Structures are given as structure tokens and as C-alpha cells.
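Presented below is the structure to which this report refers.
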Amino acid sequence: MAQVKVADQRAVVEIKTTQVMQAGFAALLGLALFIGVAFSHPAAIHNAAHDSRHGVAAPCH
Amino acid sequence: MEFFKSILLSALLSGIVAGFALTGLQTLKVYPLIFAAEVFENAGQSEAGHAHDQVDKEAAADHHADDEWAPADGAERLLYSLLANVLLGVALGLVLAAIFALRGVVDWRQGVIWGLAGFVAVHLAPAFGLPPELPGMPAGDLLARQTWWFATALLTAGGMALIFLGTAMIWRLVGTAMIVLPHIYGAPHPATMESGVPATLAADFATASLATNLVFWAILGILAAIAMARLSRGDTAAEFV
């Protein structure tokens, strides 16, 4: 019985670790996308996102 | 990968809807104010252009990239703003949904509180040092402002997390210090306060920008939580959509 419990706990910890990694990956993906749209310098991206950048109060120009 | 898929779906749904809503709201006041400011910005540029031709032309090319592609005024410009807002919605939705998934946030009331925290971190705290700016307003070095802005948003988000999610008093103090720190350090300010854009336009724009972003975050938080609730109940993507 005790053996099973230990195995269960290990399984829970493993699931938790992969979940944290997946959530972390999703959050990093979000941050990268945010930087790309709101902060990246190439003129074409700046011009396309111009009004949106001003609208969300990101530094522009 | 079910876990990641639920984050992605939640972020896509909430981000797309919030991005459309933000664009709709921005057409009411934010875009008209930007267009009005651009009239003053362009007038100021051509005046200055006569005075010291070379320098200002270079500055204009640098800041406004006149020779580069830009969406045509009107529908095309609005469409690109919509695209950018939807992408920003999905980007911030990914961060929010990742937190929701880990913390089991499935109640829309909780979602709206998280959304408001996002507004404080991403918009209100940076705006305290760098108010939402209109085209043509004087501003400090772009990279320095972007760095300060991003660092302030991250520090405020981290600080709030320590204050509200931690249990020990010491972490609350550390969190408070993290929130205050960027404002003591100070935001990069322009060398001159002179602006061709009327102050009334700028004041109007600052409140309009903040108010629309508040609504955007509330929608994002509510929808991301509702989506999480549906997805964690085991509804498949097909049923959900």
C-alpha cells in the first residue's frame, strides 16, 4: 500500500513538472510574440503595428 | 500535450475576441486622436525641415521611415491595427492562460481579477513613468524607453505575484520594493518638453488609451478563464468551438 502511494506521488510530481514546462513554454511564446508586435524595430513592422503600439501605450517612434 | 493545447486554445479564443474588442474601442477615440496628432506632427516636421534641412530629414527618416512600406490610410491601416491587436491579445492571452492552467483558474470572476492585475502590470505601472504618447510628442531614446517599459511591466507583475501569492511577510516587502524600484530609478525622459501636439489632445489620449486597455484586459481575463473551465472539464476542441 505504502509502495503504491510513493509511486502515485512520483507520478503526480512528474505530471506537475511537465505541466510547468508546458506552461512556461506557452508564456515565453507569448512574451516573444508581444515583443515582436509591440517592440521590434524593422520599419515595416513598426508601420503596420503603429496605431496599435500607440493604443497600448508602448513606446513608439 | 493536452495541457499545452488547452493553454493555446484558451489564449487564441480570448486573445482574438479581446483584440477585436480593443480595435472596436480604439476606433471611437484612440485612432481619431492619433490621426489628429499626426497633423501637428507633420506640420512641425515640414516647418523644421525648412530651417535645418539635413538633420531633420535624417531624423524624420529614422523615426517615421517615410520611404518604407506603410499601410495606406483608411481600411488598410485599420486592418493592420486589428491584426496587431489580435496578435497582442493572443500573446498576452498565452501568458494569462499559462498561469490559469497552472493555478486552476476556471472562474470568470477570478479571471477578471487576474486580467486587472495584467492591466496594472502592463499598462498602468509603465504609464506612470512613460505616459501613453501620441505621435509627434517629444520622447527619450527609444531603446531606453522600451527597456524601462518592459522591465517595469515584469517587475510589477513579479512584485504583485509576491505580494498576493506569497505567504511570508518578507516576500510582500520584496514584492513592494520590486514595484517601486523602476519609479525610483526613473523613466528615460526627453531632453525637451516642447511639443507641437496640443496638451489637451495628449491628456485625452492618455486616459482613452488606459481606459480601452482596461476593458481589453477584463475581456481577456474573463474569456481565458471561461475557456479554461470548458477545456478542463474535458470538452474536446470540436465541442468547444
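The values are calculated or read from the model by the stated rules, or taken from the named source; none is laboratory data. If you're wondering where the values come from, they're calculated on a predicted model, not measured in any experiment. Reconstructed Cβ throughout: ideal geometry from the backbone, glycine too, with neighbour counts over all protein chains shown.
For (1) in a helix (DSSP H, G or I); (2) within 18 Å of the chain's Cα centre (by Cα); (3) surrounded by 14 or more Cβ atoms within 10 Å (Cβ to Cβ), each residue gets a yes or a no:
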{"site": "B:GLY136", "(1), (2), (3)": "no, no, yes"}
{"site": "B:TRP149", "(1), (2), (3)": "yes, yes, yes"}
{"site": "B:GLY158", "(1), (2), (3)": "yes, yes, yes"}
{"site": "B:LEU173", "(1), (2), (3)": "yes, no, no"}
Residue pairs meeting the criteria (Cβ under 8 Å; at least 6 apart or on separate chains; first within 14 Å of B:ALA97 (Cα to Cα), in the stretch B:1-25; second surrounded by fewer than 20 Cβ atoms within 10 Å (Cβ to Cβ)): B:PHE3/A:THR18; B:PHE3/A:GLN19; B:PHE4/A:PHE25; B:LYS5/B:ALA237; B:SER6/B:SER232; B:LEU9/B:ALA237; B:LEU9/B:PHE240
Criterion violated by B:VAL122 - all others in (1) closer than 28 Å to B:PHE4 by Cβ; (2) more than 9 Å from every other protein chain (Cβ to nearest Cβ); (3) β-branched (Val, Ile, Thr); (4) part of a helix (DSSP H, G or I) satisfied: (2)
Lone qualifier among A:ALA32, A:ALA27, A:ALA44, A:ALA23 - being on the phi < 0 side of the Ramachandran plot, facing chain B (nearest Cβ under 7 Å), assigned to a helix (DSSP H, G or I) and exposed (fewer than 14 other Cβ atoms within 10 Å of the Cβ): A:ALA44
Which numbered condition B:ALA238 fails, given (1) modelled with pLDDT of 90 or more; (2) surrounded by fewer than 19 Cβ atoms within 10 Å (Cβ to Cβ); (3) among the hydrophobic types (A, V, I, L, M, F, W, C): (1)
Identity of the residue in the stretch B:175-213, away from chain A (no Cβ under 13 Å) and of a type in the set (Val, Ile, Thr), that ends up farthest from B:MET137 (Cα to Cα): B:THR176
Selected residue [in contact with a Gly (Cβ under 8 Å, 6 or more places away or on another chain), at the interface with chain A (Cβ under 7 Å from one of its Cβ atoms) and surrounded by 17 or more Cβ atoms within 10 Å (Cβ to Cβ)] from B:LEU102, B:LEU94: B:LEU94
Filter result for B:ALA121 (surrounded by fewer than 20 Cβ atoms within 10 Å (Cβ to Cβ) and under 20 Å from the mean Cα position of the chain (by Cα)): no
Qualifying residues in the stretch B:105-116 (those that are under 14 Å from B:ALA161 (Cα atoms) and away from chain A (no Cβ under 14 Å)) - the one farthest from the chain's Cα centre (by Cα): B:ILE113
